[in-house]
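Notes follow once the structure below has been shown.
Any read-out appearing in this document is the output of simple, stated calculations on the displayed coordinates, not a laboratory observation. None of the values given here were measured: they were computed from a predicted structure. FYI the Cβ positions are ideal-geometry reconstructions off the backbone, even for glycines, and counts take in every protein chain you see.
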Amino acid sequence: MPNDPMRFMWAEACEMLTRADRLHRQFFQLGKPAAAKPTWQPPIDIFETDAELRIVVALPGVECRNLEVNFDSGELVIAAERSLPAGPQPAFIHRLEIPYGRLERRVELPQIKTQLVRSDLVNGCLTLILRKL
């Protein structure tokens, strides 16, 4: 039944919970001082073959010059900054779902020796290829 008010209310409530969770993760992380604290984490995929690890990180709107990739004690550390797009200021914000500001993602890698052989930032995705040694 497409006009069922109960279904509409349930769908709207679920959407509100999803938005609240996203905002909570984006803005209300406690810990480090505000200047150094990352405000969001990008999604990441890791694929392993016999010869390599391929890591893909979704970073739309992040420029190469604002991106840092490090390896720290078996962890991959991706850090960057995504700024609000230029536009008229001040502006009334109707919706703000895309996270902006400092990002950091730490991912434990499999316990194997690797060497970074290639990195590309294309179409908003960072791809790292680590050859197994």
In the chain, which longest range has no chymotrypsin sites (Phe, Trp or Tyr not before Pro) that are both DSSP loop (not H, G, I, E or B) and surrounded by at most 14 other Cβ atoms within 10 Å?
29-91
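So what is Rg over Rh here for the chain, counting just Cα atoms and using Kirkwood for Rh? Could the numbers behind the result be given before it?
Working: Rg = 18.9 Å, Rh = 17.5 Å.
Radius of gyration over Kirkwood radius for the chain works out to 1.08.
Work out the FRET efficiency for V122 and L96 from their Cβ-Cβ distance, taking R0 = 22 Å, and round it to the nearest 0.05. Can you show the working numbers first?
Details: r = 26 Å, r/R0 = 1.20.
Computed FRET efficiency for V122 and L96 comes out at 0.25.
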Looking at segment 36-133, which trypsin sites (Lys or Arg not before Pro) are DSSP coil and have at most 13 other C-beta atoms within 10 Å of their C-beta?
R95, K113
Using Cα springs under 10 Å in a Gaussian network model of the chain, which residue among A58, A20, A79 shows the largest mean-square fluctuation?
A20
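What number, in percent, do you get for the relative contact order of the chain if the mean sequence gap of Cα pairs under 8 Å and at least 6 apart is divided by its residue count? Write down the numbers at each step before the final one.
Working: 191 pairs, mean separation 34.9, N = 133.
With pairs under 8 Å counted, the relative contact order is 26 percent.
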